[in-house]
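The values are calculated or read from the model by the stated rules, or taken from the named source; none is laboratory data. Not measured: the values here are computed from a predicted model. Don't worry about glycine lacking a Cβ; one is built from the backbone with ideal geometry, like all the others, and counts go over all protein chains shown. When the accessible area is computed, the model is the full protein with side chains, heavy atoms only, and any ligands, DNA or RNA have been set aside. Shrake-Rupley method; radii C 1.70, N 1.55, O 1.52, S 1.80 Å.
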Amino acid sequence: MSPHCPFCSLPRDRIVLESELALAFRDGYPVSPGHTLVIPRRHVASLADLNADEACALWALLGEARAQLDDAF
């Protein structure tokens, strides 16, 4: 956890999906209905800095989030 990271202190009720390596939450200021952020748990500067497990976890959560939104809208 980083005290300067706005995502490290997200309230639990904001998180819609999570895994050991990634989490998804609705944007507090959505640009469209269902706007969802999917991020790794580890702090990295770029997607290119993710290891293979983290990248897979991120894409898996993205698929789950997309399925949720498809069902909702």
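From helices alone, the chain scores -10000 deg cm²/dmol at 222 nm; the rule is -39500 (n - 2.57) for each run of n ≥ 4 DSSP H residues, then divide by the residue total. Ranked by solvent-accessible area (1.4 Å probe, protein heavy atoms only, all chains present), the residues Glu64, Glu54 order from largest to smallest as Glu64, Glu54.
Derived scalar couplings between HN and Hα for the stretch 58-73 equal 5, 5, 5, 5, 4, x, 5, 5, 4, 5, 4, 5, 4, 6, 7, 10 Hz in order, rounded to whole Hz, by the Karplus curve 6.51 cos²θ - 1.76 cosθ + 1.60 (θ = phi - 60°), x for Gly and Pro. Considering only beta bridges that DSSP places wholly inside the chain, some 100 percent are antiparallel.
Database note for the chain: Cys without another Cys beta carbon under 4.7 angstrom, Cys56.
For the residues Ala22, Ala48, Ala60, a GNM of the chain with alpha-carbon springs under 10 Å puts the largest fluctuation on Ala48.
Using the 1.4 Å probe convention, the accessible area of the stretch 23-73 works out to 67 Å² per residue with neighbouring protein chains retained.
Just by accessible area at a 1.4 angstrom probe, what is the order of His35, His4, His43 from largest to smallest?
The most accessible residue leads, giving His4, His43, His35.
Note on Glu64 and Ser32: their simple-model spin labels are 2.3 nm apart, each label 7 Å out from Cα toward Cβ. Tell me, what is the percent relative contact order of the chain, built from C-alpha pairs under 8 Å that lie six or more residues apart? Here the relative contact order equals 27 percent.
Expressed as a whole percent, the accessible area of the stretch 1-49 that falls on carbon and sulfur atoms is 58 (1.4 Å probe).
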